[in-house]
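Peer 1: Handing you this structure, nothing more for now.
The values are calculated or read from the model by the stated rules, or taken from the named source; none is laboratory data. A quick note: this is a predicted structure, and the numbers were derived from the prediction, not measured. Every residue, glycine as well, gets a Cβ built from its backbone with ideal geometry; the counts of neighbours run over all protein chains shown. Keep in mind that these areas ignore ligands, DNA and RNA; they rest on the heavy atoms of the full protein, side chains included. Shrake-Rupley method; radii C 1.70, N 1.55, O 1.52, S 1.80 Å.
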Amino acid sequence: MFMASSSSSSRPGWDYDVFLSFRGEDTCKNFTDHLFTALQKAEVRTFRDDDELRIGEEISLQLPKAIQESKISIVVFSKGYASSTWCLDELEKILDCRHTTGQIVIPVFYDIDPSDIRKQTGSFAEAFDKHEERFKEEMEKVHKWRKALVEAANLSGLDPHSIANGHESKLIQKIVEEVSSKLNPRFLSDERLLQKLKNTMTSLWVVLDDAEEKQITNRAVRDWLAEYKDAVYEAGDFLDEIDYEAQTFRGQTSKWLIKLGDLQERLDYLVKQKVALGLINRTGKEPSSPKRPTTSLVDERGVYGRDDDREAILKLLLSDGANEENPGVVPIGGMGGVGKTTLAQLVYNDRSVHEGFDLKAWVCVSEDFSVSKLTKMILEEVGSKSDSDSPNILQTELKETFQGKKFLLVLDDVWNEDYAEWVKLLTPLKFGAQGSKILVTTRNESVASVMRTVPTHHLKELTEDSCWSLFARHAFGGENPTAHEELLEIGRAIARKCKGLPLAAATLGGLLRTKRDVEEWEKLLESNLWDLPKDNILPALRLRPCLFARK
């Protein structure tokens, strides 16, 4: 006769977790149905009265019993709630249980302001006008209803407009969380502990770039990285085991809390060691040690979605620059991994560039902006190697080599913001022929502003289709992706999560190149990697095995 959600285990001291009170005509086919389903999924044993129980005008005998045997009552107030004597009788019984048995009452103000209930105005005033006319001889009953409404309206309740900006789904989620926390007081603390674990893991993710560089020369950092990898594996297995988003910790709380505490203690130790080792978040900052040098070589078949950017840069490089400073400086800016170096390689190897310049040189600068060192590298690039260490001799040789010649110089991965150092390097290059250009790649806008003679070309992320094409090229090699139908949807989801960063798409695609197991691809899709801000994903790619630790 009644509808109740099932539960895997009975609760001590009451038959139902929740009694759901509502006016069927107002909410039964939408909000209340969705709420009941959500409670059911959360394994909350819920009593929802059925129309068959409503015999005549009086409240069924079964309902008072169900109310009395429930730990919590959720009262869904709607505009038509007060017009139902049935609902008012239920409310009176619910509040009686609140006083006698300590029942928890959670009001939900679905489409009505609590003040209308408290003051009985609006639709509630109209309803009570009819009740007073109908129950002239039973005004005591009407007074009790009014009193019950005032008491309920004064309780702390949930309002979709103030809590969820009108979104029913968010309100329902909030109600389920509230109920779970009342049924299991440890629920909220458990959720907070899990969130703390995730936050701690994220705080460690962001220093991986620094740690990966320093571990080459620092044994202590190398040991820290090994411990970190092991801890991430263990945390990933733990989160997989509890599948916490689908559980409410019932039955296994003690075991999981002990394990959670051990993991948190281990990660907290790593955080302390992180500080002691001086590891920092280097996102957007100059690297702490030399990175792998780049070259001008590129496989154009593996580049997607950059035709417009290539044309834009070529137009800037090939302009005669008669009315511009010489040499002209064209910066390519953008976040790490967005493809600045690749774009520079594309234009450097373009036929029109080869034909349009007398000399070309490619220099990977990175953090070491030593004018003498860079001068030597530039000379060596154009076949004029110098054995001198004298800044004056080096600069003179550079001037003589480039004088009267139209040149293209690429300075890749520049971090120097010192204008004086830039001027020193630039001085001998000013003797080149009109139309000479310097192409600079940097992720630091301050660097671009110091060097540029034209506006920075800000390189944007790849489109979703281009990112997928790049990912698929590396993940499937020479195979046709459609030959692996079971992996296509997961692969596209991973490509979308790369947020248009070519380095991320290529690296993750390469990581999956030898894997054809759906579970392995799903692990990567559900990895903690995606919890990081976009700028922090790239350092994490260096510790590739850790990517398979799920959320």
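Okay, residues lined up against (1) open to solvent by less than 20 Å² (accessible area, probe 1.4 Å); (2) of a type outside the set (S, T, N, Q); (3) within 40 Å of the chain's Cα centre (by Cα); (4) modelled with pLDDT of 95 or more:
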site	(1), (2), (3), (4)
W422	yes, yes, yes, no
K430	no, yes, no, no
A475	yes, yes, yes, no
G478	no, yes, yes, no
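Peer 1: So, in the stretch 432-446, exactly how many residues are farther than 26 Å from G356 by Cβ and crowded, with 21+ Cβ neighbours inside 10 Å?
Peer 2: Residues flagged as farther than 26 Å from G356 by Cβ and crowded, with 21+ Cβ neighbours inside 10 Å within the stretch 432-446 amount to 1.
Peer 1: I'd like the full set of residues that are in contact with a Pro (Cβ under 9 Å, 6 or more places away or on another chain) and small (G, A, S), limited to the stretch 455-502.
Peer 2: S466, A472, A475, G491
Peer 1: What are the residues in the stretch 200-230 that are among the small types (G, A, S) and surrounded by 17 or more Cβ atoms within 10 Å (Cβ to Cβ), if any?
Peer 2: A211
Peer 1: Just one of the numbered conditions (1) of a type outside the set (G, A, S); (2) at pLDDT 65 or above; (3) more than 25 Å from the chain's Cα centre (by Cα) is not true of T253; which one?
Peer 2: Condition not satisfied by T253: (2).
Peer 1: Go through (1) assigned to a helix (DSSP H, G or I); (2) touching a strand residue (DSSP E or B) at 6+ places or on another chain (Cβ under 8 Å) one by one and return the number of the condition A361 breaks.
Peer 2: (1) is the only condition that A361 fails.
Peer 1: Let me ask you something else. Tally time: how many residues in the stretch 418-461 are in a loop (DSSP other than H, G, I, E, B) and out of contact with any Phe, Trp or Tyr (no Cβ under 9 Å at 6 or more places or on another chain)?
Peer 2: 9
Peer 1: Considering only residues that are surrounded by fewer than 14 Cβ atoms within 10 Å (Cβ to Cβ) and modelled with pLDDT of 90 or more, which ones fall in the stretch 397-419?
Peer 2: E400, Q403, G404
Peer 1: If you take the residues in the stretch 462-473 that are aliphatic (A, V, I, L, M) and in a helix (DSSP H, G or I), which one is surrounded by the most Cβ atoms within 10 Å (Cβ to Cβ)?
Peer 2: We begin by selecting, within the stretch 462-473, every residue aliphatic (A, V, I, L, M); these are 462, 470, 472.
From the residues that got through so far, the ones that are in a helix (DSSP H, G or I) too are 470, 472.
Numbers: L470: 26, A472: 22.
Top of the filtered list is L470.
Peer 1: Counting only residues that are among the small types (G, A, S), modelled with pLDDT of 80 or more and open to solvent by 70 Å² or more (accessible area, probe 1.4 Å), how many does the stretch 149-168 have?
Peer 2: The initial filter retains those residues of the stretch 149-168 that are among the small types (G, A, S), namely 152-153, 156-157, 162, 164, 166.
Then drop every residue that is not modelled with pLDDT of 80 or more, which leaves 152-153, 156-157.
Within this subset, residues satisfying the condition of being open to solvent by 70 Å² or more (accessible area, probe 1.4 Å) are 156.
Number satisfying all stated conditions: 1.
Peer 1: Determine whether G336 is out of contact with any strand residue (DSSP E or B) (no Cβ under 6 Å at 6 or more places or on another chain), assigned to a loop (DSSP other than H, G, I, E, B), of a type outside the set (S, T, Y) and surrounded by 16 or more Cβ atoms within 10 Å (Cβ to Cβ).
Peer 2: Values: out of contact with any strand residue (DSSP E or B) (no Cβ under 6 Å at 6 or more places or on another chain): yes; assigned to a loop (DSSP other than H, G, I, E, B): yes; of a type outside the set (S, T, Y): yes; surrounded by 16 or more Cβ atoms within 10 Å (Cβ to Cβ): yes.
Against the criterion (out of contact with any strand residue (DSSP E or B) (no Cβ under 6 Å at 6 or more places or on another chain), assigned to a loop (DSSP other than H, G, I, E, B), of a type outside the set (S, T, Y) and surrounded by 16 or more Cβ atoms within 10 Å (Cβ to Cβ)), G336 qualifies.
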